[in-house]
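Novice: Here it is, the structure in full.
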Amino acid sequence: MSTSVSADLIVIGGGIHGCSAALHAAMRGMSVVVLEKDTVGRHASGANAGGVRRLRRLLPEVPISVRSAEIWLKISDFLDDDCGFRIAPQIEVAENEQDMEKLQKRHAEITAQGFQHEVLLDRDAMREVIPAVADYCLGALATMDDGYAQPYQTTFAFERKARRAGVKILEHTAVTGVHRDGKRWQVDTAETRFTGSAVLNAAGAWGGRIAAWLREPVPLKPFAPMMIVTDRLPHFCDAVVILANRPLSFKQMPNGTVVIGGGRPGYPDLDTNGSVVRVRQLCLSAATAIDAFPHMRSATVIRTWAGLDGIFADGLPVIGRSSTEENIYHAFGFCGHGFQMGPAVGELMGELIAAGTCKYSLEPFAVTRFKNGAAGSAPGHG
Ligand SMILES: Cc1cc2nc3c(=O)[nH]c(=O)nc-3n(C[C@H](O)[C@H](O)[C@H](O)COP(=O)(O)OP(=O)(O)OC[C@H]3O[C@@H](n4cnc5c(N)ncnc54)[C@H](O)[C@@H]3O)c2cc1C
């Protein structure tokens, strides 16, 4: 191993969360190194559906997601790149009365928390937003100014801005161990030992392995959400559509292709970096899309893939300080919906690490919440 390289903060993982946090820490004057075992954006942050959605967030995530939405609306000014971001409605469709009741209940719940961004739409109002939706659909819950963006373009924009702020980003550099050396941390790779005052675990689906090295094991499971892209269709949809009770996320891109996801899982494999699609599950996704938009029956599938993210049973990521070690921080396990949150989680991690303060309640995201099987199950993801 060659001589050590020193920095204030060492970030493990070059996804959107690692790059965003590195940028914010550097903007606060820290020297920062990001270590990425593959290439920046190679995993979830480059392979996702690009949905920028506050809609249907679990309540503990809402304040951070709302802050992220503010940053997304000005993303061009912040990153000098538009990230392919387009403002569009996100709309959650009720397929039956039970779904409608669920959406009404959710609307009451989030409004009672003081958030106004989700609006209930009756059948006619829903059809104004998505005229091509199937006749049997009854209404919807929507956020009118969420949207979608290009995943790689966004992650690379964070990377570029971080480099310009002085962050050193090293690709093909896998971290193999993290050890305390007095008040500092040693972060080992095959060729070099890095030393830092602080370390951030932003290792995505692999974040649980890093946490286990630090004596705080978590029940993070690998998760391989799948995507389908169709050929170009005449323009018919401006919104990003999800269903209240079946896995579907659905959007038509400006070039006419339709991107279909929603969280049906393929086969993940953390050891080979791989994820393989499950054709039967993909067929279910396609069938759901056809139910909701019957004219999709004539579309041709041109591409499919599965990505890799980490998922917890309660649907929330781990964000915050280590419970066992000083100056170790975590931001991983975003459960299939962490792309939208990248801008604000990076901002809050930068503040937490550089200034020691945080304006959000991070307790629901604590790494300790799994002790004694305490963290429960989530209503869905994607
Ligand atoms: C198919 C799919 C669709 C999705 N759709 C959406 C969506 O529409 N909207 C939304 O908000 N979210 C969506 N998500 C979720 C979102 O993409 C992720 O939650 C988010 O990108 C996670 O970012 P990250 O930086 O934590 O992880 P990653 O992007 O996975 O980055 C973690 C990085 O850490 C690196 N790493 C791991 N271990 C080590 C090590 N030992 N040494 C060095 N580097 C290491 C990995 O190589 C990886 O590059 C989707 C995810 C997928 C897979």
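The values are calculated or read from the model by the stated rules, or taken from the named source; none is laboratory data. If you're wondering where the values come from, they're calculated on a predicted model, not measured in any experiment. Because the Cβ atoms are built from the backbone with ideal geometry, glycine has one as well, and the counts that use them run over all protein chains shown. The protein model used for the area step is the full one, side chains on, heavy atoms only, and it has no ligands, DNA or RNA in it. Shrake-Rupley method; radii C 1.70, N 1.55, O 1.52, S 1.80 Å.
Novice: Within 9 Å, Cβ to Cβ, of Glu171, how many net charges do the neighbouring residues add up to if Lys/Arg are +1 and Asp/Glu are -1?
Specialist: That sum, taken over residues with Cβ under 9 Å, equals 0.
Novice: Please compute the per residue accessible area over segment 1-143 with all protein chains in place, 1.4 Å probe, rounded to a whole number of Å².
Specialist: I get 40 Å² per residue for this part.
Novice: Okay, moving on. Measuring with a 1.4 Å probe in the full set of protein chains, what accessible area per residue, in whole Å², belongs to segment 282-345?
Specialist: With the other protein chains kept in place, segment 282-345 gives 33 Å² per residue.
Novice: I'd like to compare 22-28, 94-100: which one has the highest average count of other Cβ atoms within 10 Å, and what's the full order after that?
Specialist: The most tightly packed comes first, giving 22-28, 94-100.
Novice: Quick one: check the C-alpha center-to-center distance for segment 212-262 versus segment 301-363, whole angstrom.
Specialist: A separation of 19 Å, based on Cα centres.
Novice: Still on this model: Just the projected area, averaged over all directions, of the convex hull on the alpha carbon atoms of segment 152-298: how many nm²?
Specialist: Hull-based average projected area comes out at 12.4 nm².
Novice: In whole percent, and with a 1.4 Å probe on the protein chains, what portion of the accessible area of segment 154-197 is carbon and sulfur?
Specialist: 50
Novice: Now, a different point. If you look at just the Cα atoms of segment 37-142, how large are its Rg and its Dmax in Å?
Specialist: So, for segment 37-142, Rg and Dmax equal 16.3, 50 Å respectively.
Novice: Loop-only check: which chymotrypsin sites (Phe, Trp or Tyr not before Pro) in segment 98-201 are DSSP coil with at most 11 other Cβ within 10 angstrom?
Specialist: Sparse-neighbourhood loop chymotrypsin sites (Phe, Trp or Tyr not before Pro): Tyr136.
Novice: So what are the chain's ellipsoid semi-axes, whole angstrom, largest first, if each one is the square root of 5 times an eigenvalue of the alpha-carbon gyration tensor?
Specialist: With the √(5λ) rule applied to the chain, the semi-axes are 36, 21, 19 Å.
Novice: Only Lys, Arg, Asp and Glu count, each charged at its Cβ (+1, +1, -1, -1), so figure out the dipole size of segment 172-308 about its Cα centre, rounded to 20 debye.
Specialist: 180
Novice: State the percent of C-alpha pairs, over all pairs in segment 1-83, separated by a distance greater than 16 angstrom.
Specialist: 65
Novice: Here is a follow-up. State to the nearest 20 debye the size of the charge dipole of segment 20-86 about its Cα centre, where the only charges are +1 on K and R beta carbons and -1 on D and E beta carbons.
Specialist: Here the size comes out at about 360 debye.
Novice: Within the set Lys37/Lys371; Lys161/Lys359; Lys105/Lys251; Lys168/Lys371; Lys251/Lys371, which residue pairs have Cα atoms separated by over 27 Å?
Specialist: Violating the 27 Å limit, Cα to Cα: Lys37/Lys371; Lys168/Lys371; Lys251/Lys371.
Novice: How would you rank 174-183, 46-55, 83-92, highest first, on the average number of other Cβ atoms within 10 Å across their residues?
Specialist: Going from most to least packed, we get 46-55, 83-92, 174-183.
Novice: If you take the beta carbon distance between Val5 and Asp269 as r and set R0 to 30 Å, what does 1/(1 + (r/R0)^6) give as a FRET efficiency, to the nearest 0.05?
Specialist: Efficiency at R0 = 30 Å is approximately 0.45.
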